[in-house]
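S.K.: Take a look at the following structure, please.
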Amino acid sequence: MQQRNNQTGFTEIELLEHLPALRNFARRFHASPTDVDDLVQETYLKAIANAGKFQRGTRLRSWLYTIMRNTFCTKFGLTKREDVGFADDTALQVSVPPPQEWNLRGHELERAIADLPEHHRTAIKMIFIDCMSYEDAAQKCGCAIGTMKSRVNRARLQLWTILDGG
């Protein structure tokens with residue numbers, strides 16, 4: 001699709017040429033790479049949806065920056081709104097269970113993890129206790145990422161069955 005679309009005034013290639021600049025601009029709003037990617041993606045979605053509003057002869061990058069800035073400001077404003085009347089309502093406050101039960105459940109979890117097969121126990125430890133990424137854990141174990149995810153999933157199912165009597 002190298003030709004200009006008569007309705008939009010820009011091509012998909014022209015749109016994608018601005019991807020690195022948009023990523024850099026999005027980093028001003030977010031530190032997290034995931035949030036940066038989400039903001040860029042939402043900007044592109046809005047640009048495509050509103051392509052008919054783009055005026056030929058104007059700068060596409062500036063138009064995309066404006067969409068991104070407005071998208072961020074709208075989302076930021078929504079997250080800053082507070083729920084009126086909920087903070088002081090004691091009926092909505094969650095009761096705290098006695099610490100003895102958490103202590104008991106912690107010991108049950110330790111025993112359940114100890115009863116897992118070695119490769120499942122290792123996967124749970126690496127992912128949930130050591131906070132390793134699936135990629136790093138798979139590399140350390142010498143297996144594929146899918147295998148590591150499968151081991152974690154099977155271990156979680158076994159733990160759920162043991163702890164909840166499922």
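Here, each number is a calculation from the coordinates, and none is a lab measurement. From a predicted model like this one, the values you see are computed outputs, not experimental measurements. Quick reminder, even Gly has a Cβ in these numbers, built from the backbone with ideal geometry, and neighbours come from all protein chains shown.
S.K.: Report the net charge of residues surrounding Leu116, where surrounding means a beta-carbon distance below 14 angstrom and charges are Lys +1, Arg +1, Asp -1, Glu -1.
M.R.: Net charge in that neighbourhood comes out at +2.
S.K.: Starting with the fewest neighbours, write out Trp102, Trp63 ranked by other beta-carbon atoms found within 10 Å of each beta-carbon.
M.R.: Details: Trp102 11, Trp63 18.
Ascending Cβ contact count within 10 Å gives the list Trp102, Trp63.
S.K.: Moving on. Which of the lysines could a cross-linker bridge to Lys75, judged by Cα under 20 Å and excluding same-chain residues fewer than eight apart?
M.R.: Correct list for Lys75: Lys46.
S.K.: While we're looking at this one, here's another question. Determine which lysines satisfy two conditions relative to Lys125: a Cα distance under 22 Å, and not lying fewer than 8 residues away in the same chain.
M.R.: Lys140, Lys149
S.K.: Continuing with the same structure: Fewest first, what order do Phe128, Phe54, Phe25 take by the number of other Cβ atoms within 10 Å?
M.R.: With the sparsest Cβ surroundings first, the list reads Phe128, Phe54, Phe25.
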